1. Setting aside same-chain residues fewer than 8 positions from Lys201, which lysines have a Cα under 16 Å from its Cα?
2. If ligands, DNA and RNA are left out, what is the accessible area of Ile211 with a 1.4 Å probe, given in Å² to the nearest 10?
3. Just want to confirm a number: the relative contact order over the chain, from Cα pairs under 8 angstrom separated by 6+ residues, in percent.
4. Quick check: Cα centre of region 108-143 to Cα centre of region 28-95, how many Å?
5. Hand me the tally of lysine pairs in region 81-181: alpha carbons under 25 angstrom apart, and the pair either on different chains or 8 or more positions apart.
6. Find how much the distance from Ser144 to Tyr264 grows on full extension, using 0.36 nm per residue of separation minus their present alpha carbon separation; answer in nm with one decimal.
7. Indicate the helices, whole DSSP H runs only, in the chain that combine a mean Kyte-Doolittle hydropathy of -0.5 or more with a Cα extent along their long axis of 20 angstrom or more.
8. Work out the FRET efficiency for Ala282 and Val171 from their Cβ-Cβ distance, taking R0 = 30 Å, and round it to the nearest 0.05.
Amino acid sequence: MNMKVKIKSALLAVLLVFSSLSICACGKGGKAEKYTEYIFDYFDTVTTVTGYAENKSEFDKVVETLSTKMKEYHRLFDIYNDYKGVNNIKTLNDKAHGEGNAVEVDISVIELLEFSKEMHALTGGKVNIALGSVTALWHSYRVSAEDGEGEVPSESELLSASEHCDINDVVILKDENKVYFTDPALKLDVGATAKGFATEKLARMLESEGISGYVLSLGGNVRTVGRSPDGEKWNVGVESPDGEETYPALLALEREALVTSGSYRRFYVSDGVNYHHIIDPATLFPSDRYKSVSVVCNDASLGDALSTALFNMSLDEGRKLVSNFEGVGVLWIKNDGNMETTALFDKYSVKN
Ligand code: ADP
Ligand code: MG
């Protein structure tokens with residue numbers, strides 16, 4: 001992606017405006033202004049940081065702190081690259097084969113894996129980070145597509161990969177901060193949970209430092225951190241799956257996450273059919289139910305895991321799942337463009 005396209009997609013990914021038209025506000029220490037910065041280096045996506053600060057250098061300091069932490073998460077959760085002196089998810093995939101080869105990892109990796117295992121259990125396996133052998137197959141076909149046109153993996157390739165996707169084969173030795181797989185062919189893919197997990201951690205880092213009036217967006221994982229200095233909520237738009245510059249929904253948020261999983265983000269075409277990146281573990285094929293599913297709740301990790309899981313469920317199953325969680329609102333954009341919402345999602349919505 002070139003820079004211009006990246007910036008455009010970052011802008012489209014999230015509309016961040018205050019309900020009030022003022023661009024300045026009076027905070028405790030005087031006048032605060034709104035700034036925005038883009039970070040292109042991590043999680044294979046564009047991160048947008050928007051926030052109020054008394055001056056540019058104060059804002060830049062916040063961005064720098066966020067960027068440093070993001071780099072750390074990016075390296076730890078990377079499934080494709082090695083980094084000197086870092087044991088990351090790729091290290092686990094390459095080496096954690098059997099108890100004797102358990103690999104020691106950073107506590108953040110342990111936390112991400114534990115959370116992801118929990119979400120697997122809570123969603124009936126619809127979000128499964130142990131699906132890596134299958135998602136890697138789809139990924140390899142997607143990246144070999146030329147001009148967006150490519151081949152589809154064969155059923156037999158998919159079936160043999162799916163024999164190595166049992167989350168119970170991922171063993172976490174909590175006391176030792178170690179992880180190993182009882183199935184050496186198992187591969188982790190944390191693409192469905194890592195960005196939300198990192199987004200929530202970054203937001204909490206700001207909160208713990210008393211920083212407020214910010215919005216973070218890591219490629220569709222949005223988290224608001226407090227109102228503007230003059231008390232306005234953020235208006236956050238859900239991205240149009242059709243690339244239109246209007247927003248299917250606009251939510252007023254102050255300390256919530258809004259996370260979207262969409263079939264329009266990473267895809268290729270074969271024989272006129274769109275093959276995207278969210279795989280239904282039941283069929284081993286991209287789920288064809290929706291254009292996108294957006295989740296609003298108070299934790300970006302939960303939002304990320306749930307938006308992927310809900311993408312792989314029928315509306316009825318999804319509504320039932322959501323009713324098990326407190327404070328989770330959902331917007332489903334169906335393939336025909338019609339939208340379904342839960343009552344809580346509607347409560348956050350503002351006129352658009
Ligand atoms: P995005 O990465 O665009 O935010 P998601 O959060 O929905 O989208 O995550 C999709 C990514 O997670 C895929 O690119 C793939 O790496 C991985 N993945 C695909 N299907 C599943 C699944 N059913 N369970 C867990 N991970 C998945
Ligand atoms: Mg997700």
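1. Lys201 reaches Lys69, Lys71.
2. Only protein atoms counted, so the area is about 40 Å².
3. Value for the chain: 17 percent.
4. With region 108-143 and region 28-95 each reduced to a Cα centre, they are spaced 23 Å.
5. Here the count comes out as 14.
6. 41.4 nm
7. 107-122, 194-208
8. 0.75
The values are calculated or read from the model by the stated rules, or taken from the named source; none is laboratory data. It should be emphasised that the depicted structure is a prediction, and the values quoted were computed from it without experimental measurement. Please note: Cβ atoms are built from the backbone with ideal geometry, for glycine as well, and neighbour counts cover all protein chains shown. In case anyone asks, the SASA skips ligands and DNA or RNA and just uses the protein heavy atoms, side chains included. Shrake-Rupley method; radii C 1.70, N 1.55, O 1.52, S 1.80 Å.
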